[in-house]
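Okay, so here's the structure we're looking at.
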């Protein structure tokens, strides 16, 4: 899959339709015309036609950037600046497992406080060096529920319906999965 092209972002964010499954399908031509959506705003005409494969790449990147959730402490940053799994992580305690403050996003830091921490090199071997979910915009885009055993936290992203994460209490077992349409929920009330 090609890399997401940032210059297409304002145009691709407006296309909120199902995927056709045809990678070569032209979504926006070089004049900025799209037969699938009326594009609004000052979107510069793309230098090359935008295809469904470009949109797929953009959506996958957007979901990955917004949703790769993990329990704090599951990853560490070493002195070389590498982010690695923390082999000493034994899971979140039961009371912390159901609190969004105990979760982070596995991506390059974007929140101001974490950027400052990284600039000072104060993010090595600390458990919360990546962006925190509870401080992510839009606020309240995540919900957390217990499973039937009350030991596994099920995390759902409201911005990208179909994204689920889970974390078992007192265990290093955690993960995430996206099974959705690739259509972002733009009607959040917050």
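The values are calculated or read from the model by the stated rules, or taken from the named source; none is laboratory data. Just so it is clear, the model here is predicted, and its values are computed rather than measured. No Cβ is skipped: glycine too gets one built from the backbone with ideal geometry, and neighbour counts run over all protein chains shown.
Any chance the range 106-118 includes a residue that's modelled with pLDDT of 95 or more and either in the same structural domain as residue 56 (by TED's automatic domain parsing) or more than 19 Å from residue 75 (Cβ to Cβ) (or both)?
no
What do you reckon, is residue 41 over 21 Å from residue 131 (Cβ atoms) and touching a residue at least 24 places away in the same chain (Cβ under 8 Å)?
On the way: over 21 Å from residue 131 (Cβ atoms): yes; touching a residue at least 24 places away in the same chain (Cβ under 8 Å): yes.
Against the criterion (over 21 Å from residue 131 (Cβ atoms) and touching a residue at least 24 places away in the same chain (Cβ under 8 Å)), residue 41 qualifies.
Residues to consider are 77, 150; find the one that is farther than 28 Å from residue 15 by Cα and in contact with a strand residue (DSSP E or B) (Cβ under 6 Å, 6 or more places away or on another chain).
77
Could you list, in sequence order, the residues of the range 73-116 that are in a strand (DSSP E or B) and within 18 Å of residue 142 (Cα to Cα)?
The answer is 103, 104, 105.
Residue by residue through the range 55-72, note down the ones that are touching a helix residue (DSSP H, G or I) at 6+ places or on another chain (Cβ under 9 Å) and either within 14 Å of residue 170 (Cα to Cα) or part of a loop (DSSP other than H, G, I, E, B) (or both).
The answer is 71, 72.
Restricting attention to the range 32-42, does a residue exist that is outside the structural domain of residue 133 (by TED's automatic domain parsing) and not in a loop (DSSP other than H, G, I, E, B)?
So far as the range 32-42 goes, no, none of its residues is outside the structural domain of residue 133 (by TED's automatic domain parsing) and not in a loop (DSSP other than H, G, I, E, B).
Of these, 58, 98, which one is over 30 Å from residue 7 (Cα atoms) and surrounded by 14 or more Cβ atoms within 10 Å (Cβ to Cβ)?
Numbers: 58 fails: over 30 Å from residue 7 (Cα atoms).
Result: 98 is the single residue among 58, 98 that is over 30 Å from residue 7 (Cα atoms) and surrounded by 14 or more Cβ atoms within 10 Å (Cβ to Cβ).
Scan the range 2-14 residue by residue and report those that are over 15 Å from residue 63 (Cα atoms), touching a helix residue (DSSP H, G or I) at 6+ places or on another chain (Cβ under 7 Å) and part of a loop (DSSP other than H, G, I, E, B).
2 - this is the single residue of the range 2-14 that is over 15 Å from residue 63 (Cα atoms), touching a helix residue (DSSP H, G or I) at 6+ places or on another chain (Cβ under 7 Å) and part of a loop (DSSP other than H, G, I, E, B).
Look at the range 82-99 and say how many of its residues are in contact (Cβ under 8 Å) with a residue 12 or more places away in the chain and either farther than 12 Å from residue 172 by Cβ or not assigned by TED's automatic domain parsing to the domain that holds residue 169 (or both).
The total comes to 6.
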